[in-house]
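Only one structure is covered here, and it is reproduced in the block below.
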Amino acid sequence: MGCCVSTSSKSTCSSRSNGDMVSSSCLEIGFCGQKRARRTFSDHVLSLHHLPSLPSRIFTNGKNRASCIFTQQGRKGINQDAMIVWEDFMAEDMVFCGVFDGHGPHGHLVARKVRDALPIKLLSFLHSGESKRNGSRKACFKGNVKPDSGDSDNDCSAEDKLNSAWREAFMKAYKAMDKELRSHPNLDCFCSGSTAVTIVKQGLNLFMGYIGDSRAIMGSKDSNDSMMAIQLTVDLKPDLPREAERIKRCKGRVFALQDEPEVPRVWLPFDDAPGLAMARAFGDFCLKEYGVISIPEFSHRLLTERDQFIVLASDGVWDVLSNEEVVEIVSSAPTRSSAARILVDSAAREWKLKYPTSKMDDCAVVCLFLDGKMDSESDYDEQGFSSATIQSNHSSNPIESDDGQKSEPSLQRNFTVRSSEENDGAISVDKEDGTSSADDQNWSGLEGVTRVNSLVQLPRFSEERPNS
């Protein structure tokens, strides 16, 4: 995906939070505008040891200064979706948003691990990039490019450097994240994994990195001031020509099952498993030698005054709602604070209407409002939420504190799709850590009636694979 750039003859930009005119330096990248930030990177590092208590970081149903998030468990078992909004991310005017959709026996743990670790890795690589540039001339992209200006070449060069710096940080962060999952002593990611759609907004700059089929869209106004939907990411499915070519070149197979011809999947060359319904993911190491990768797609976009909000969501939403329907639901929500919850409720209703015999998928939604405004506390409380309350589930999930002091609980298989027999009590998934009350059986995504499962079944050798 290319860089989307708008041009303007204005040399100043309006602050989206208060409407005041400020200098174009308000658009500088975080590591070039360190003088503006009240907190240094070292301050952040100290805070990272206390992630659950950071007031600017939310990962459970709630809201922050300019965003709201909501997730709801489907009918396939434990909720394997995770989400995060981290305001004041590296700089005061910078926000990180992400949605992560886990799959496989331990997908819920993979999604949570990525949710917590990936933003920190991105911070680290941004800071290391800044350190390398110390002593050299720093080019900070100052926002809108003047097409007729004599400095247009310099502006273009600065834009290229900005793109290059963020692209490098995203690429390295995703690579380090997958490497950590592969070597994690207590988390089996051989047949479990997660998608990721992540964005960083800083001023009018929007940077995006993503893998899998979670999606980001933007609600914007057209020339008639009518709301329209702009898709910001691409669902990285196995049948995309470039993805399919890579997978087949690595001896992986891509085909759809006869009873779901619209769902292309990735299969091992020697076994009809696992049938992964995406071409890129964290984890899923049984397929990493056969074309599935964790290298993100990256793009940069300049926001305009017409852009209103951004929605990140897992495929539980996109399976039943179009981009246009999502924009309509969010823009017509009675309060901004309720937008994410209302969107999830709408998706749940559509699952019942469109697929009454299917099991609803998990849904996770992040809504980021680009003018930096949110409803009053009283409006928010009326919706039945607590105000930006952080309810840490770290105490019951030791993997979220990967300091070597806590070990992962012994996990049984998490059946992401439960059959009717399981619903009758044969197998019950009761705790957030995904432990099951029954002995492990052959895990299969086809054990229940469902529309689309990310995995079909585990490979025959998954339980007795050689150590890599």
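The values are calculated or read from the model by the stated rules, or taken from the named source; none is laboratory data. Note that this is a predicted model, so its numbers are computed, not measured. Because the Cβ atoms are built from the backbone with ideal geometry, glycine has one as well, and the counts that use them run over all protein chains shown. Accessible surface is based on the protein model in full, side chains and every heavy atom, while ligands, DNA and RNA are left aside. Shrake-Rupley method; radii C 1.70, N 1.55, O 1.52, S 1.80 Å.
At a glance:
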item	result
Failed criterion for ALA333 (all others in (1) farther than 20 Å from ASP213 by Cα; (2) open to solvent by less than 10 Å² (accessible area, probe 1.4 Å) hold)	(2)
Some residue of the stretch 339-357 being open to solvent by 30 Å² or more (accessible area, probe 1.4 Å), in contact with a helix residue (DSSP H, G or I) (Cβ under 8 Å, 6 or more places away or on another chain) and modelled with pLDDT of 95 or more	yes
Members of the stretch 360-385 that are open to solvent by less than 30 Å² (accessible area, probe 1.4 Å) and at pLDDT 90 or above	MET360, ASP361, ASP362, CYS363, ALA364, VAL365, VAL366, CYS367, LEU368, PHE369, LEU370
Complete set of residues in the stretch 251-271 that are more than 17 Å from PHE190 (Cβ to Cβ) and not aliphatic (A, V, I, L, M)	LYS251, ARG253, PHE255, GLN258, ASP259, GLU260, PRO261, GLU262, PRO264, ARG265
Hits in the stretch 222-242 - residues which are touching a residue at least 40 places away in the same chain (Cβ under 8 Å) and either touching a Lys or Arg at 6+ places or on another chain (Cβ under 8 Å) or among the basic types (Lys, Arg) (or both)	ASP222, MET227, MET228, GLN231, LEU232, THR233, ASP235, LEU236, LYS237, PRO238
VAL317 vs. criteria crowded, with 17+ Cβ neighbours inside 10 Å, in contact with a helix residue (DSSP H, G or I) (Cβ under 9 Å, 6 or more places away or on another chain) and within 24 Å of ASN79 (Cα to Cα)	yes
Qualifying strands (runs of 3 or more DSSP E) (wholly inside the stretch 211-309; at least 2 residues being aliphatic (A, V, I, L, M) and open to solvent by 10 Å² or more (accessible area, probe 1.4 Å))	227-231, 253-256
Evaluation of PRO185 against (1) over 18 Å from PHE282 (Cα atoms); (2) in contact with a Gly (Cβ under 9 Å, 6 or more places away or on another chain) (one fails), failing number	(1)
Some residue of the stretch 196-204 being modelled with pLDDT under 95 and under 19 Å from the mean Cα position of the chain (by Cα)	yes
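Residue-wise test of (1) modelled with pLDDT under 95; (2) over 24 Å from the mean Cα position of the chain (by Cα).
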site	(1), (2)
GLN258	yes, yes
VAL263	yes, no
PHE270	yes, yes
SER294	no, no
PHE298	no, no
ARG301	no, no
